[in-house]
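Data block below; observations after.
None of the figures in this text is laboratory data; all of them are computed from the coordinates on show. Since the model is a prediction, treat every value here as computed from it, not as a measurement. Neighbour counts run over all protein chains shown; Cβ positions are idealised from the backbone, glycine included.
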Amino acid sequence: MNLKKTIGTLGIGVAIGYFVKAKISEMPIQPEQALKLAKEKFKEEGAVSGSWIYMKSEDLSLHGLNYRVYRGGITRTINDTNQQFEFYVDAYTGSIISTKETNSVI
């Protein structure tokens, strides 16, 4: 009888764990985490001297696909020139969806 209870409890625990994991994967990441991921990617190409991100996610339609994204910006120093970029990060995966240079500041 004790073995049946153990196996039953283990089965219930696995089912609850699977349910919780599924629910967590449906939740968006925090905007601070999205900014951190974007900064890490931009740092691969040069020093980052400033950054910002909107704390509320927004909808973005790009190339016929719809995304829930965070919008932010990065200032990088390249050849002693500051370059500003705007980016969109997928709110669920943290992947950079789009980037564009917005302005170069001397």
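Restricting attention to the stretch 42-70, the residues being surrounded by fewer than 16 Cβ atoms within 10 Å (Cβ to Cβ) and part of a helix (DSSP H, G or I) number 1.
Taking Gly73 as the residue in question, decide whether it is surrounded by fewer than 17 Cβ atoms within 10 Å (Cβ to Cβ) and part of a strand (DSSP E or B). Break it down stepwise before answering.
Details: surrounded by fewer than 17 Cβ atoms within 10 Å (Cβ to Cβ): no; part of a strand (DSSP E or B): yes.
No: the conditions fail for Gly73.
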